[in-house]
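Student: Questions regarding the structure given below will be posed in turn.
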Amino acid sequence: MAGPDRRHAGDKSASPAQEPAPLGTVDSTESPAIAAERARAQNAVGTVPSSRTVMEPALDGAFIGAGGKAYSPTTPHSQIPPILPSDGRKPRGLIIEVNGIMTTGALQLKDMQALADKTGAAVVGIHNSTAGLWMDLKECLNDKLDIGINPPVDTVAHAVYDAVKRGEHPVLVGHSQGALILSRALADVRNRLILEDGMSPAQAEELLWNVRVGTNGGAAKHYVDGPQYAHLVNLLDAVPMATGAGLNAADPLGRPAKGARVRYITEAHLPNNMPPLSDGVSNFLARAVDRTVHGPQDVYWDDFARWVDELGWLDERTAVGGDR
């Protein structure tokens, strides 16, 4: 059973009157791990890694905003400058996006920009850093079993709890492992509302109904009741079909939540713009899967944006601080 938010005590958020100070900047031309570690080196003991293949623990669980700036996990998401649609239109609502495995900060930035352009929303990211394919897969298993600490889980739980207590209507979007992170975090929020705030399960579910959750190629089978869910599944994508909501009612281990919507698409592409093998075989394979059947930009965002329009999730009520 999931426990309450593991890191909600001790809010270190900045004053609402000021833009919070970023931890650093994700540099799209340089390894984001190197950029993040360099930014943190001023306040941390140690040396900045010089290897292009260094992983990015400094970004794990951090918020990512406009300009690739990374912010403390306890920063209120309403204070983070979001990524806006690139055509200059006024954004409608705010999306909090969580990425999947084998995704650097630089790649998440591109996914966030594409999501903003497709949906017309402002987008803030919560980064799920990569430690390489096998470590990422191990972390997915831990998330499924709800064991160990995964910083993005705590960041999501902290943000959602604060949002629903303020009467907001957050829109969460998770891709691949990002859906697992959302599933685990929402269970933490529900438990916190019951154990700390004294709500009944029914009261907690009623409050969580204000949360809208969109999963795209999600790797989670089980979600708590309460939030409004929209699970988008590519029938040719093994991730949601084998480990997520793909089989829906036919899966005895699955529970996409009461009232959850599941929509199926069938889409596959020839891989293009592939990275060189010198960047690593596992990275090459991950990008090949993304380009063909699993990627947010290549497969899911177009259909998800149309679905969000149908659902009406991005109206004025979803904006931070908007009325219910």
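The values are calculated or read from the model by the stated rules, or taken from the named source; none is laboratory data. None of the values given here were measured: they were computed from a predicted structure. No Cβ is skipped: glycine too gets one built from the backbone with ideal geometry, and neighbour counts run over all protein chains shown.
Student: Give segment 66-86 a look and list any residue that's over 21 Å from Ala157 (Cα atoms) and of a type in the set (Gly, Ala, Ser), or say none.
Tutor: The answer is Ala66, Gly67, Gly68, Ser86.
Student: Let me ask you something else. Return yes when Val289 is surrounded by 14 or more Cβ atoms within 10 Å (Cβ to Cβ), in a helix (DSSP H, G or I), of a type in the set (Val, Ile, Thr) and in contact with a Phe, Trp or Tyr (Cβ under 7 Å, 6 or more places away or on another chain) and no when it is not.
Tutor: Here the answer is no, as Val289 does not meet what is asked.
Student: Among the residues of segment 128-158, which ones are within 12 Å of the chain's Cα centre (by Cα) and small (Gly, Ala, Ser)?
Tutor: Ser129, Ala157
Student: Residues in segment 136-146: is at least one modelled with pLDDT of 95 or more, among the aliphatic types (A, V, I, L, M) and farther than 24 Å from Val281 by Cα?
Tutor: no
Student: Please find, within segment 101-137, the residue that is farthest from Pro81 (Cα to Cα) out of those that are among the hydrophobic types (A, V, I, L, M, F, W, C) and in contact with a strand residue (DSSP E or B) (Cβ under 6 Å, 6 or more places away or on another chain).
Tutor: In this case the residue turns out to be Leu115.
Student: Using beta carbons and a limit of 8 Å, which pairs, at least six apart or on different chains, have the first residue in segment 261-278 and over 30 Å from Arg212 (Cβ atoms) and the second one of a type in the set (Phe, Trp, Tyr)?
Tutor: Going by the 8 Å Cβ cut-off, the qualifying pairs are Met274/Phe284; Pro275/Phe284; Pro276/Phe284; Leu277/Phe284.
Student: Identify, by number, the condition in (1) within 18 Å of Gly218 (Cα to Cα); (2) over 14 Å from the mean Cα position of the chain (by Cα) that Pro91 doesn't meet.
Tutor: If we test Pro91 against (1) within 18 Å of Gly218 (Cα to Cα); (2) over 14 Å from the mean Cα position of the chain (by Cα), just (1) comes out false.
For every residue, the table says whether it meets (1) surrounded by 23 or more Cβ atoms within 10 Å (Cβ to Cβ); (2) over 29 Å from Ala238 (Cβ atoms).
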site	(1), (2)
Ala159	yes, yes
Lys165	no, yes
Gly174	yes, no
Ser183	yes, no
Asn210	no, yes
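Student: For segment 138-164, name all the residues that are on the phi < 0 side of the Ramachandran plot, of a type outside the set (A, V, I, L, M) and either in contact with a strand residue (DSSP E or B) (Cβ under 7 Å, 6 or more places away or on another chain) or without any contact (Cβ under 8 Å) to a residue 12 or more places away in the chain (or both).
Tutor: Result: Lys138, Asn142, Pro152, Thr155.
Student: Would you confirm whether any residue within segment 136-153 is part of a helix (DSSP H, G or I), closer than 21 Å to Gln228 by Cα and not charged (D, E, K, R)?
Tutor: Yes.
Student: Go through segment 240-287 and give me each residue that's β-branched (Val, Ile, Thr) and within 22 Å of Asn142 (Cβ to Cβ).
Tutor: Answer for segment 240-287, where residues must be β-branched (Val, Ile, Thr) and within 22 Å of Asn142 (Cβ to Cβ): just Thr243.
Student: Examine segment 228-240 for a residue that is assigned to a loop (DSSP other than H, G, I, E, B), more than 27 Å from Met199 (Cβ to Cβ), modelled with pLDDT of 95 or more and in contact with a Lys or Arg (Cβ under 9 Å, 6 or more places away or on another chain), and state whether such a residue exists.
Tutor: no
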